[in-house]
Amino acid sequence: MSWGQTTVVRGIVTEDNTARPVSFAKVYFMGTQVGTTTDTSGYFSLKIPDKSLLYDTLVISFLGFNTERRAVTKGIEQEFTIQLKSSLFLEMDEVTVVAGENVAWRYMRKIIENKPKNNPNNLSSYSSNEYSKIRFDLNNFTDNIKKNIILKPFDYIWDNTQKTEDGISYLPTLLTEKATDHYYVGNPRDEKHIIVGEKSTGLAGPNLVKFTDDLYLTPNIYENYLTILGKSFPSPLNDNYKSNYKFYIMDSLYVNGRMTYKIRFRPKFERDLAFTGEMSFDSASYAITEINLRFDIQANVNFVRSYYISQFYSEVEPNHWMLTESQVLGDFTVIENSSDLTGFFGRKKSIFSNYKINQEIDQALLKGVEIVTYSDSAHNQSEDFWQSKRTTEFSEEEKKLIDVTQRVLDDPAFKFRKNLFYSIGTGYIPLNGIQIGNVYTFYSYNQVEFSRVKFGLRTDPNNKFPVHFDGYLAYGTRDNEWKYRTGTFSNLTPKHKATRIGASYQYDIEQLGRSFNQIALDHIVGSLTQIGSSNSRNYVHQFEAFFEKEIAVGLIGRVTYFNRKITPTLGNTFGRWNDNGGITLEDNYITTGFNATLKFSYLYKEIKGTFYDKKDFFREARKYPDVAVSYEFVDKATFKSDYGYQKIRLNIHQRVNAKKLGYFNYSIEGGQTIGTVPHISLDIPFGNQLIFNDAAAFNLMRFMEFGADQYIALHFDHHFDGLLLDRIPLINKLKWRTYVFGKSFIGNLSAKNDQETYLFPAGIQAMNNAYVEVGFGIENILKIASMDFTWRLTPGVGEYYTFLVKPSFKLSF
């Protein structure tokens, strides 16, 4: 069939030895940027005007497979069936199965039996030096990206564009070098990784630089599970290897006079979170000598087209095989199913040398709880230092990247765009050492103030000057009240474990029962997304001064002095019973006292001394739970407060990796308030009256709905990743993930605090039983959204929801 001046090609791409479709393989016309990717069935279709077709060749490529090319005839429609041959593996001969057993299993049993001997973590001690080079390249970009308004002023960066042998265009964007000294002791187990040199150059922002640290850990393949991009992959050397993989014996050959065997493996089930690959092992010791691991886009890992790890081991001493070279190559994309192929190549090569096995290690090198540390000169090493570490010289494209980077950094257009994106992301506008913001709070609306206008400033948080300031001024058109804040803090030991002091003075509106995890109370988004009334807010006039000390990495203490006056809004008053049996109205309550908080978060360097911190809440999986304990003391006689009390709180929370079952989060918090207090000092569970889900709150509970003076709050959620939905045809193409959750607040309010002295405002009730929410959710919708389906099992007073669906948003792999 003739198409005149247009060439059309379509077809299907499969693996040559299994006939399985190859999803998201790159298909493009050589010499052009016209291309697409195969769908989940391996199908593709392309159309191009003949005048744009410079070469009569179609190129098909995918990481881990040999590139294929097909001749194309101009002006007609053509169909192809293309079989890609793995570049990682040799061809398998027919395997003879004896007595019903896979031959490869015989060798796998011996490899597993010898794991304790060959696992380097079972040595008495070892040390080594590592040099690694990490590079990120923009790839598969078209001329459209060059015309992008963001990049258009920097047309000179494209002068460093390179092409692979397959004709794929790429542009080096980030280059990082790192030199590390490794020390390990087996009993008692201890390790230290001292980074003695590190430097980065390139066009990437700080998030991508940090991404290189998080991304390219060197996994120990002798462990049962390998954690990559936050996901748990079963190692091919997992003790339960038959449950996760299919194995095939492939080949044998002599290496340095010793017999070496090769075994190929692939996931037992197609969409399992597992590797495809091969490994070679020494027939005498059953130690791994080489292993190649790959997973691709079907593994339910976001933004990854394919990911490849290659490790090489050498017998550095008799009977001791150690990792001597590691290579990682990742092909990342923002939009997986788009015809726009633009993405990133991320690659790392590491060389390990100077191994010392079972030799005594100086205990001074292992001092401190940090596993990874930096030497004082790590970021100031000379060029001679790097020349002594490098195994190969920089390529011309890498040298040019260094020059281009400096030119971009000096370009006023780049500085403007950098500040613009910073402002959009943080809400603060940089201006000569100070920042104006948060601009997202400069206008908001609520039922207490109606329209609220605000202006704020702060010093640049990245400023090396040890003293920082912040402040704002706001005004409400309904209450005609000016609100304000001014604060300062100083880091007294900027080069050592943090010691901070600070103080603030503030008059503004606060909401009791609102969680620390929600957006700012006066954020414009909150104005647009609140459900229900905000009349329960109060004016808070407060002075605070604090001293904070980081005792060790991940362990911090904080002592705070406070004076707080709380006043009802909208002309309301507080009420209490007087000695005559009548009600006395109070305009406000004043409390003065101190709070002491101690927090532990294993090796977490960004820990803060407040009891709650949004950054603390369910981060990545950790070896030990995070623990926070707080004691608050207010005394009527000592501090001239309107009443006195003691408040004790304990919080324990953790994310736990559940291997193939995904992961789960749990949080246990308990507390007690000792004394007779009004409702503003009771233990109020976190409610949520926004349309968005809040993981730290009870999402069908109103603000300030319940009060208690002793309580236990329990949160649990289990995330199955793709374990369930990946088994369902068609649905599995969406890469949705499932989770279940349950939350409970078990509280009690003593008789003395149940309005015997202080009256409750309308809407709050005593908590003398358990409040419960349960539900399930679907996450990874469009890679960013989650939907929680929540049921409330506890009746309440007044209007409340028994079922709601609430969204939340988060990017993750």
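Trypsin sites (Lys or Arg not before Pro), restricted to segment 395-487: which are DSSP loop and have at most 10 other Cβ atoms within 10 Å?
Sparse-neighbourhood loop trypsin sites (Lys or Arg not before Pro): Lys464.
Just order 685-698, 115-128 by mean Cβ neighbour count inside 10 Å, highest at the front, would you?
685-698, 115-128
Roughly how much of Ser744 is accessible, in Å² to the nearest 10, using a 1.4 Å probe?
20
With a ≥ b ≥ c the root eigenvalues of the C-alpha gyration tensor of segment 391-530, is it rounded (a/c under 1.5), prolate (a/b larger than b/c) or oblate?
Taking the square roots of the gyration eigenvalues as a ≥ b ≥ c, segment 391-530 is prolate.
Could you tell me which of rounded, prolate or oblate describes segment 133-178, using a ≥ b ≥ c as the square roots of the eigenvalues of the alpha-carbon gyration tensor, with rounded for a/c under 1.5 and, failing that, prolate when a/b is larger than b/c and oblate otherwise?
oblate
Of all the Cα-Cα pairs you can form in segment 688-768, what percent are over 21 Å apart?
Summing the P(r) of segment 688-768 above 21 Å gives 51 percent of all pairs.
With runs of 4+ DSSP H residues as the only contributors, calculate the mean residue ellipticity of the chain at 222 nm using -39,500 (n - 2.57) per run, divided by the residue total and rounded to the nearest 500.
One gets -2500 deg cm²/dmol as the mean residue ellipticity at 222 nm.
For an R0 of 45 angstrom, estimate the FRET efficiency from the Cβ-Cβ distance between Lys623 and Asn578 and round to the nearest 0.05.
Efficiency, from the Cβ-Cβ distance: 0.20.
Could I get the Rg over Rh figure for segment 365-459? Both from C-alpha atoms, Rh via Kirkwood, rounded to two places.
We get a ratio of 1.21 for segment 365-459.
Mind checking which of Leu323, Val13, Gly671 is farthest towards the positive end of the chain's charge dipole, using Cβ charges of +1 (Lys, Arg) and -1 (Asp, Glu) about the Cα centre?
Gly671
Would you check the accessible area of Thr36, probe 1.4 Å, heavy atoms only, in square angstrom rounded to 10?
Ignoring ligands and nucleic acids, Thr36 comes out at about 20 Å².
Could you size up the charge dipole of the chain around its Cα centre, putting +1 on the beta carbon of Lys and Arg and -1 on that of Asp and Glu, and report it in debye to the nearest 20?
340
If packing is taken as the average count of other Cβ atoms within 10 Å, what order do 729-736, 250-257, 642-649 fall into, highest mean first?
Ranked by mean Cβ neighbours within 10 Å, highest first: 642-649, 729-736, 250-257.
When each pair of different Cα atoms in segment 496-575 is counted once in the 1/r mean, what is the Kirkwood radius in angstroms, to one decimal?
15.4
State which entries of Lys348/Lys615; Lys454/Lys549; Lys178/Lys497; Lys192/Lys497; Lys367/Lys464; Lys367/Lys497 exceed 21 angstrom in Cα-Cα distance in the structure shown.
From Lys348/Lys615; Lys454/Lys549; Lys178/Lys497; Lys192/Lys497; Lys367/Lys464; Lys367/Lys497, over 21 Å: Lys348/Lys615; Lys454/Lys549; Lys178/Lys497; Lys367/Lys464.
Which of the residue pairs Lys599/Lys640; Lys133/Lys163; Lys599/Lys636; Lys268/Lys659; Lys231/Lys660 have a Cα-Cα distance greater than 18 Å in the structure shown?
Where the Cα-Cα span goes over 18 Å, the pairs concerned are Lys599/Lys640; Lys133/Lys163; Lys599/Lys636.
Counting only protein heavy atoms, what percent of the accessible surface of the chain is carbon or sulfur at a 1.4 Å probe?
On the chain, the fraction of accessible area on carbon and sulfur atoms equals 56 percent.
So for each of 180-188, 655-663 I average, over its residues, the number of other beta carbons within 10 Å; can you give me the resulting order with the highest mean first?
Packing order, densest peptide first, comes out as 655-663, 180-188.
Kindly sort Ile168, Ile746, Ile371 by accessible area of their heavy atoms, largest first, with the probe set to 1.4 Å.
Ile746, Ile371, Ile168
So which aspartates and glutamates pass the test for Lys735, namely a Cα distance under 16 Å, with those fewer than 8 places away in the same chain ruled out?
List returned: Asp39, Glu270, Asp272, Asp296, Glu336, Asp721, Asp726, Glu779.
With a/c under 1.5 counting as rounded, go ahead and sort segment 504-637 into rounded, prolate or oblate using the C-alpha gyration tensor (a ≥ b ≥ c being the square roots of the eigenvalues; past the cut-off, prolate if a/b is larger than b/c, else oblate).
Oblate is the answer for segment 504-637, as a/c is 1.5 or above yet b/c matches or exceeds a/b.
Would you work out which of Ile583, Trp791, Phe703 lies farthest towards the positive end of the dipole of the chain, given +1 charges on the beta-carbon of Lys and Arg and -1 on that of Asp and Glu, about the Cα centre?
Going by the Cα projections, it comes out as Ile583.
Using a 1.4 angstrom probe and counting only protein chains, how large is the accessible area of Phe633 in Å², to 10?
50
With every protein chain left in place, what is the accessible area per residue of segment 523-602 in square angstrom, probe 1.4 Å?
46
The values are calculated or read from the model by the stated rules, or taken from the named source; none is laboratory data. Remember, it's a predicted structure, so these values are computed and weren't measured experimentally. FYI the Cβ positions are ideal-geometry reconstructions off the backbone, even for glycines, and counts take in every protein chain you see. Surface accessibility is based on the protein's heavy atoms, side chains included, excluding ligands, DNA and RNA. Shrake-Rupley method; radii C 1.70, N 1.55, O 1.52, S 1.80 Å.
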